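Q: Below are the structure tokens for one structure; questions will follow.
The values are calculated or read from the model by the stated rules, or taken from the named source; none is laboratory data. Nothing here was measured: the structure is a model prediction, and the numbers come from that model. Here Cβ is always computed from backbone atoms with ideal geometry, including for glycine, and neighbour counts include all displayed protein chains.
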Amino acid sequence: MAIFAQTCAACRGDKGQGNLSDRLVGGFGTLKDRNPVRTVGSYWPYATTLFDYVRRAMPCNAPESLTAGQVYAVSAYVLSLNGILPDDAALNATNLAKIVMPNRNGFISPDPRPDAR
């Protein structure tokens, strides 16, 4: 993915592996471990959060400089690195919100009130 290689790989690694604190991929099944690996694939509950983060903050040296198409492409690439989308997937405003992330329900506990069931 050319735009990722040009704008993201220097900090995040060519496959999103980054360093322990900034990796984008992996970490599946580690959230209950003593040292969880929180990545886009293992921790983030919504794909739209990824899009918004890339749009507002990336690349680090020039935030908000990517076009909407580039942000969709980078987001699709990161999601594909995590096995959430196929490698050739294209994102847009319609299908982005329909993506079900692996940890989508990880931040919501069942309501403990007996009358709320």
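Q: Give me a count of the residues in the range 1-50 that are charged (D, E, K, R) and under 15 Å from residue 101 (Cβ atoms).
A: Of the residues in the range 1-50, 1 are charged (D, E, K, R) and under 15 Å from residue 101 (Cβ atoms).
Q: Under 8 Å by Cβ, and 6 or more places apart or on different chains, what pairs join a residue from the range 66-84 that is small (Gly, Ala, Ser) with one that is crowded, with 19+ Cβ neighbours inside 10 Å and assigned to a loop (DSSP other than H, G, I, E, B)?
A: Hits for this filter: 73/91; 75/91; 76/85; 76/91; 83/41.
This table checks each residue for (1) under 19 Å from residue 2 (Cβ atoms); (2) of a type in the set (A, V, I, L, M, F, W, C); (3) modelled with pLDDT of 95 or more.
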site	(1), (2), (3)
14	yes, no, no
21	no, no, no
52	no, no, yes
55	yes, no, yes
60	yes, yes, no
68	yes, yes, yes
72	yes, no, yes
79	yes, yes, yes
84	no, yes, yes
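Q: Further question on the same structure: Filter the range 1-24 for residues that are assigned to a loop (DSSP other than H, G, I, E, B) and touching a helix residue (DSSP H, G or I) at 6+ places or on another chain (Cβ under 8 Å) and give the result.
A: Passing the criteria: 1, 8, 14, 15, 16, 18, 22, 23, 24.
Q: Taking the range 10-49, which residues are under 12 Å from the mean Cα position of the chain (by Cα) and among the hydroxyl-bearing types (Ser, Thr, Tyr)?
A: Once the filter is applied, which keeps residues that are under 12 Å from the mean Cα position of the chain (by Cα) and among the hydroxyl-bearing types (Ser, Thr, Tyr), the range 10-49 yields 39, 42, 43, 46, 48, 49.
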